[in-house]
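See structure below.
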Amino acid sequence: MAVKLTAANVNDVTQLQALVEAIPPVRGKPGRPRRRPEMVQGDRGYSSQAHRCWLRRKKIRPLLAQVGAPHGSGLGKTRWVVERTLSWLHQFRRLRIRWERRPHIHEAFLKLGCIFICWSCLQGGF
């Protein structure tokens, strides 16, 4: 899991590359850990030819909804995992509304929320 904290008025599409670069190596299987995901899913806001080319150069398959395409692209069948995780993060009061003025404090709470979610999933909760 990777998270990136930005200001409220920053467009999400500007953070796609930084977020993909922030994904840690996947460990657990024998051998060298994977350094990149197999695919990246995104909504219409991330759909641009430049981002698709960048992901393909990184050997990551882009699964981005097309701008202007009708709804029902099929991404919702797997995209719900992202939406569910965001709703889990919003269960924490300090993450639902940003009370802290300093970004590093809010980022610390965001990372603690992610740690708690991962720990709960590993324990069979949530």
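Look at (1) within 13 Å of the chain's Cα centre (by Cα); (2) among the charged types (D, E, K, R); (3) modelled with pLDDT of 85 or more and you find that Arg94 fails only one, number (1).
Restricting attention to the range 27-69, and to residues there that are within 18 Å of Lys4 (Cβ to Cβ) and among the hydrophobic types (A, V, I, L, M, F, W, C), which single residue is nearest to the chain's Cα centre (by Cα)? My answer is Val40.
Considering the range 8-26, the residues that are within 10 Å of Pro37 (Cα to Cα) and within 10 Å of the chain's Cα centre (by Cα) include one that is surrounded by the fewest Cβ atoms within 10 Å (Cβ to Cβ), namely Ile23. Evaluation of Gly68 against the conditions (1) in contact (Cβ under 8 Å) with a residue 12 or more places away in the chain; (2) on the phi > 0 side of the Ramachandran plot shows that the sole unmet condition is (1).
Considering the range 1-112, the qualifying helices (runs of 4 or more DSSP H), each wholly inside and each with 3 or more residues that are within 28 Å of Gly125 (Cα to Cα) and in the same structural domain as Gly125 (by TED's automatic domain parsing), run over 76-89, 93-96.
Selection of the range 79-109 for residues being among the polar types (S, T, N, Q) and surrounded by 13 or more Cβ atoms within 10 Å (Cβ to Cβ) yields only Thr85. Is it true that some residue in the range 69-78 is exposed (fewer than 12 other Cβ atoms within 10 Å of the Cβ), among the β-branched types (Val, Ile, Thr) and at pLDDT below 80? Yes, the range 69-78 contains at least one residue that is exposed (fewer than 12 other Cβ atoms within 10 Å of the Cβ), among the β-branched types (Val, Ile, Thr) and at pLDDT below 80. Scanning the range 14-55 for residues being small (Gly, Ala, Ser) and under 23 Å from Gln66 (Cα atoms) gives a total of 6.
The values are calculated or read from the model by the stated rules, or taken from the named source; none is laboratory data. Here the structure is a predicted model, which means the values were calculated and not measured. Don't worry about glycine lacking a Cβ; one is built from the backbone with ideal geometry, like all the others, and counts go over all protein chains shown.
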